[in-house]
1. Above 22 Å lies some portion of the pair distances; for the range 1-107, what is it as a whole percent of all C-alpha pairs?
2. Defining a contact as two alpha carbons under 8 Å apart and six or more residues distant in sequence, what relative contact order in percent does the range 45-170 show?
3. What translational diffusion coefficient, to the nearest whole µm²/s, does the chain have by Stokes-Einstein, given a Kirkwood radius computed over alpha-carbon pairs, a temperature of 25 °C and 0.890 mPa s viscosity?
4. Could you tell me the convex hull volume per residue, in Å³, taken over the Cα atoms of the range 146-192?
5. What angle do you read, to the nearest 10 degrees and between 0 and 90, between the alpha-carbon axis of helix 210-221 and the longest principal axis of the chain?
6. Quick one: order 136, 74 by neighbouring beta-carbon count within 10 Å, fewest to most.
7. For a footprinting-style exposure proxy, rank 102, 177 by other Cβ within 10 Å, fewest first.
8. When the helix-only estimate is applied to the chain (DSSP H runs of n ≥ 4, each -39,500 (n - 2.57), divided by the residue count), what is the mean residue ellipticity at 222 nm, nearest 500 deg cm²/dmol?
């Protein structure tokens, strides 16, 4: 529901899932529910709630034992949250540790997403070459397996990293953002489309194409009917779309 552009409905289902898992008192089910909740909060850029869910999932995995894959996955999520809270190096180390543990279990399904977490953390720490390497690995893996959940966001992150690495050459970043928007539109993932369009609008503003960026952003912003208190929609509104 979040990917499709319905943040409030996503949160409603999330709360129902957590409530049911707690009612069942089944540790593995609760761990999975917490991981899904943490993923949603990561998408919503709610660092505090993502961290809370990850910590509880890690603790459950440790307490119960035998939850190797959920433990690795929650470690990655906890690492992302740490990297957003002025603990960049610690967060990067946690993500890398979780990724290694996840691969050791044979896990592949979520690697593009977790590599995106790593790329974002590396970007925030200005480790741009390493960030681009993570994005490249994730895109190659997504193309190989056909897992496209994070494809649009990966192209957007590539554009962000490329801009920071070569701020004088904006054409490559613009191409990445437009590719991200195209992928998101094909998938009907409105939330990824909004985020990629915000990145494009900021880039266009640097080229004295502010009105073009505002118009493009307004088109996708005006599609939304809920979730206006979430980080992306608040940021988009501040960027100036006319509703």
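1. On the way: 1689 of 5671 pairs.
Tail of the P(r) past 22 Å holds 30 percent of the pairs.
2. Details: 157 pairs, mean separation 22.6, N = 126.
So the answer I get is 18 percent.
3. Values: Rh = 18.4 Å.
In µm²/s, the coefficient rounds to 133.
4. Details: hull volume 3.0 nm³, N = 47.
Here the figure is 63 Å³ per residue.
5. It works out to around 40 degrees.
6. Values: 136 14, 74 26.
So the ranking, lowest neighbour count to highest, is 136, 74.
7. Numbers: 102 23, 177 28.
Ascending number of Cβ neighbours within 10 Å: 102, 177.
8. On the way: 12 runs with 187 residues, N = 243.
Helices in the chain give a 222 nm mean residue ellipticity of -25500 deg cm²/dmol.
The numbers here are math on the coordinates, done by the rules we state, and not lab data. Predicted, not measured: the structure shown is a model, and the values here were computed from it. Note that each Cβ is placed from the backbone with ideal geometry, even for glycine, and that neighbours are counted across all protein chains shown.
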